[in-house]
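Reading through the structure tokens given below for one structure.
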Amino acid sequence: MIIEPIGIIHSPYATKDECPIQPLYASGVIGRVEVFEKYEAGLKDIETFSHIYLLYHFDRVGKIQMIRAAFLDDEPHGIFATRHPCRPNGIGMSIVKLIKKDKNILEVEGIDILDKTPLLDIKPYIPRFDCIEMATEGWVANKEWRPKPQDRE
């Protein structure tokens, strides 16, 4: 399987220490999503959505571990039960607010992604399909976020 980036994500974050862990903690932070010109036609009508999913490659992660402590808990969990970036395929996903489109450039708000991260795909956020009222939060329920040094490894 070969996956090629369709663009580059630009943000104010040069290092993992600067970067928020989730979009919730990046409220008001502006970024730019540069879609390569050969994919620009695929952006037709994207501006009709208020929010979009960005799927990207965690290209600067640390050691991959199948079980590890997570952002919200010192208790180890399986990597697939967390959003930790050190994953076997290194695919990240963020929901950001789409501010505007100018040709192949999307200006977004709520960016929690390192600068120059490879963009893999964009999908529209559609509340009617994406908001699942009966969804549960699993082990994350009632956990408060508190950053730890190992969160950024």
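The values are calculated or read from the model by the stated rules, or taken from the named source; none is laboratory data. Since the model is a prediction, treat every value here as computed from it, not as a measurement. Every residue, glycine as well, gets a Cβ built from its backbone with ideal geometry; the counts of neighbours run over all protein chains shown.
Residues in segment 85-112 that are touching a residue at least 60 places away in the same chain (Cβ under 8 Å), on the phi < 0 side of the Ramachandran plot and under 14 Å from the mean Cα position of the chain (by Cα): Cys86, Ser94, Ile95, Val96, Val108, Glu109, Ile111, Asp112. For segment 76-122, taking the residues that are in contact with a strand residue (DSSP E or B) (Cβ under 7 Å, 6 or more places away or on another chain) and acidic (Asp, Glu), the one that is surrounded by the most Cβ atoms within 10 Å (Cβ to Cβ) is identified as Asp112.
Under the condition of being touching a Gly at 6+ places or on another chain (Cβ under 9 Å) and closer than 30 Å to Glu107 by Cβ, the residues counted in segment 51-88 number 11. Kindly evaluate Glu4 against the criterion of being over 17 Å from Lys100 (Cα atoms), at pLDDT 95 or above and assigned to a loop (DSSP other than H, G, I, E, B). Yes.
Taking the conditions exactly as written (in contact with a helix residue (DSSP H, G or I) (Cβ under 6 Å, 6 or more places away or on another chain), of a type in the set (A, V, I, L, M) and assigned to a loop (DSSP other than H, G, I, E, B)), does Ile132 satisfy them or not? It is false that Ile132 is in contact with a helix residue (DSSP H, G or I) (Cβ under 6 Å, 6 or more places away or on another chain), of a type in the set (A, V, I, L, M) and assigned to a loop (DSSP other than H, G, I, E, B). Candidates are the residues of segment 48-69 that are within 19 Å of the chain's Cα centre (by Cα) and free of Cβ contacts under 8 Å to residues at least 60 places away in the same chain; the one that is farthest from Pro5 (Cα to Cα) is Ile64.
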